[in-house]
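Below: one structure, written as structure tokens.
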Amino acid sequence: MPVLLLLGFLSIIDLRKREVPHLGVFALLIYSFFVVLKANKLWPNTQIALIVFGLLFVVYMCTKGVGGGDIKLLTALAFYMGEDIMFLALP
């Protein structure tokens, strides 16, 4: 539930200012760290987050279709969700 509220808050700010605040993403990352640590999935979730970051960075460099805020937010979300992030890619 805290993640959903934080994502909603960050979405509103992003829509209004076209910018994702660093502090909000950092809060998501810190919360995610403790959740992932408790679930004993630190290494797998870190790998998934790095893969998501790499893919989004390539898209950014090639097309400029995503911004830096989108990359950092989705990377933090991938760290939180782990392998469940793949369900977001399904049509």
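If you check Phe79 against the conditions, is it at pLDDT 90 or above, out of contact with any helix residue (DSSP H, G or I) (no Cβ under 6 Å at 6 or more places or on another chain) and surrounded by 15 or more Cβ atoms within 10 Å (Cβ to Cβ)? The answer is no for Phe79. A count restricted to region 57-70 and to residues that are of a type in the set (Gly, Ala, Ser) and in a helix (DSSP H, G or I) stands at 2.
Residue-wise test of (1) in a helix (DSSP H, G or I); (2) surrounded by 15 or more Cβ atoms within 10 Å (Cβ to Cβ); (3) modelled with pLDDT under 95.
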| residue | (1), (2), (3) |
| --- | --- |
| Leu4 | yes, no, yes |
| Ser11 | yes, no, yes |
| Asp14 | yes, yes, yes |
| Glu19 | no, no, yes |
| Phe26 | yes, no, no |
| Ser32 | yes, yes, no |
| Ile51 | yes, no, yes |
| Lys72 | yes, yes, yes |
| Ile85 | yes, yes, yes |
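For first residues located in region 64-88 and closer than 11 Å to Ile48 by Cα, partners that are charged (D, E, K, R) and lie 6+ apart or on another chain with Cβ distances below 7 Å form the pairs Gly82/Lys41.
The values are calculated or read from the model by the stated rules, or taken from the named source; none is laboratory data. Remember, predicted model here, so these are calculated numbers, not experimental data. Virtual Cβ from ideal backbone geometry, glycine too; neighbours counted across all protein chains shown.
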